[in-house]
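Novice: Can you read through this structure? Questions will come right after.
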Amino acid sequence: MDISKIDFDKLKDIFRRNRKNTVTESLVSAIESRLSQMVNLNRTRIDYLEKFQKMIDEK
């Protein structure tokens, strides 16, 4: 393999995008977890969970 033909700028962009996706998924997971805890403590908060799910589904 000839490493002189590797487009390092393109690789950097790919890794940067993948990192953003990883961070986004981590945030979504943390928010879902917290909302689930809130709903378990108080069922009237179910609307927050439903609104969050709707936002995620629309992305």
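Novice: For helix 46-58, what angle does its Cα long axis make with the longest principal axis of the chain, in degrees from 0 to 90 and rounded to 10?
Specialist: The two axes meet at around 30 degrees.
Novice: Beta carbons within 10 angstrom, averaged per residue: use that to sort the peptides 11-17, 31-37, highest first.
Specialist: 31-37, 11-17
Novice: Please report the net charge: other residues with Cβ closer than 12 Å to the Cβ of VAL23, K and R +1, D and E -1.
Specialist: +3
Novice: Moving on. Between (1) 40, 11, 6; (2) 33, 12, 7; (3) 19, 12, 10, which entry matches semi-axes √(5λ) of the Cα gyration tensor in Å as derived from the coordinates of this structure?
Specialist: Comparing each candidate, only (1) matches the computed number.
Values in this text are rule-based calculations from the coordinates and carry no lab data. Here the structure is a predicted model, which means the values were calculated and not measured. So basically every Cβ, Gly included, is an ideal-geometry build from the backbone, and we count neighbours across all protein chains shown.
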